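Everything on this sheet refers to the single structure shown next.
The values are calculated or read from the model by the stated rules, or taken from the named source; none is laboratory data. Computed from a predicted model, the values in this text were never measured in an experiment. Glycine gets a Cβ as well: all are built from the backbone with ideal geometry, and neighbour counts include every protein chain shown. These area figures cover heavy atoms from the full protein model, side chains too; ligands, DNA and RNA do not enter into them. Shrake-Rupley method; radii C 1.70, N 1.55, O 1.52, S 1.80 Å.
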Amino acid sequence: MHITSRKSLEVMLAPLVESFQPVNLEEMSRVLLMDRADTKFVMHVADLPSVLQEAREQYSVLEVASNRNRRYKTIYFDSEDYKLYRMHHNGKLRRYKLRIRKYQDTGQAFLELKSKNPKRHTEKTRMRYYGSGEESDPMAPFRAFCRPEVEQLGKAKESLRVEFDRITLVHNSKPERITIDTGIILASGSEEKELLNLCILEVKQPRDASSPFSRIMFRGKIFPMRISKYCLGMMLHHDNLKKNNFKPRMMRLQKIMNKYDFLT
């Protein structure tokens, strides 16, 4: 099965997503988990329906303005020599990303600082943003928000745009949230790379907690994989960037995306 458009993907997933009980933003506030442990999984989108079916009894789905599959746009910023990308590639234990995240259905946008500490725990801070993201000095809003991190970069610029559709599941009793990203587009300048066969799932939970969703993935023989949409997009758009440390993961991703090609 080879997905050829976002529309065909939406049609495939809609009945299953609609079968979940809804939860609203206020109800989901108990699992915002800005300081958390994250576990990522990657799979072919054709395998997603079976995962959703198994999760349906334990999880509800976030619904905002009658929408359960929300479109996100994220603008990433980096130094002119791509210092933040290189920190990730080189395995720096303390690293971070600077980005503007826009929710296409509500028009809201936030400045975000997403950090990883030496214990591989994720911390995210954010501030409401009212600009366009295309100011003459795009780092000006960040200086008021996270000046030390901006000063580490020196002169910085927009480095990548990422768009995707996100389904968010919330466990009915545990502080656990699952994001399911599909319809992924990675863009640099006027060039876009579509990864429509790829699905990236992330379990977000308190540190050292057990995860019912991870057990669902393990039963399906889908195992954790450290992956960054930012780093993936940078590699696909910039041949000159160092990527040796990411090659095993790139090979695994290619294998996942080509899983059902023999059926086409």
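Return yes when Lys221 is without any contact (Cβ under 8 Å) to a residue 24 or more places away in the chain, within 24 Å of Leu9 (Cβ to Cβ) and of a type in the set (Lys, Arg) and no when it is not.
When the stated conditions are applied, Lys221 passes them.
Considering only the range 222-248, how many residues are over 18 Å from Ile178 (Cβ atoms) and more than 17 Å from the chain's Cα centre (by Cα)?
Matching residues across the range 222-248 total 12.
Before we move on, is Pro175 out of contact with any helix residue (DSSP H, G or I) (no Cβ under 9 Å at 6 or more places or on another chain) and either at pLDDT 95 or above or open to solvent by 10 Å² or more (accessible area, probe 1.4 Å) (or both)?
Taking the combined requirement at face value, the residue does not satisfy it.
Residue check, Arg86 against (1) of a type outside the set (Val, Ile, Thr); (2) crowded, with 16+ Cβ neighbours inside 10 Å; (3) in a strand (DSSP E or B); (4) more than 17 Å from the chain's Cα centre (by Cα), all met but one. Which one?
With (1) of a type outside the set (Val, Ile, Thr); (2) crowded, with 16+ Cβ neighbours inside 10 Å; (3) in a strand (DSSP E or B); (4) more than 17 Å from the chain's Cα centre (by Cα) applied to Arg86, the lone miss is (3).
Can you run down the residue pairs with Cβ atoms below 7 Å, 6 or more apart or on separate chains, where the first is in the range 140-169 and in a helix (DSSP H, G or I) and the partner is among the hydroxyl-bearing types (Ser, Thr, Tyr)?
So the pair list comes out as Pro141/Tyr129; Glu149/Tyr96; Leu153/Ser79.
Out of the residues in the range 54-68 that are out of contact with any His (no Cβ under 8 Å at 6 or more places or on another chain) and open to solvent by 30 Å² or more (accessible area, probe 1.4 Å), state the one that is farthest from Leu13 (Cα to Cα).
Ala65
Arg71 versus (1) open to solvent by less than 10 Å² (accessible area, probe 1.4 Å); (2) assigned to a strand (DSSP E or B): which is the lone unmet condition?
In the conditions (1) open to solvent by less than 10 Å² (accessible area, probe 1.4 Å); (2) assigned to a strand (DSSP E or B), Arg71 misses (1) alone.
When you scan the range 90-98, do you find a residue that is of a type outside the set (A, V, I, L, M, F, W, C), more than 20 Å from the chain's Cα centre (by Cα) and not in a loop (DSSP other than H, G, I, E, B), even just one?
No, the range 90-98 contains no residue that is of a type outside the set (A, V, I, L, M, F, W, C), more than 20 Å from the chain's Cα centre (by Cα) and not in a loop (DSSP other than H, G, I, E, B).
Take the residues of the range 2-25 that are in a helix (DSSP H, G or I) and touching an Asp or Glu at 6+ places or on another chain (Cβ under 8 Å): which is most open to solvent (accessible area, probe 1.4 Å)?
Checked the range 2-25; the qualifying residue most open to solvent (accessible area, probe 1.4 Å) is Arg6.
Taking the range 220-243, which residues are out of contact with any helix residue (DSSP H, G or I) (no Cβ under 8 Å at 6 or more places or on another chain) and in a helix (DSSP H, G or I)?
Correct list: Lys229, Gly233, Leu236, His237.
Answer yes or no: is there a residue in the range 225-238 that is in contact with a Ser or Thr (Cβ under 6 Å, 6 or more places away or on another chain), within 27 Å of Asp81 (Cα to Cα) and of a type outside the set (A, V, I, L, M).
yes
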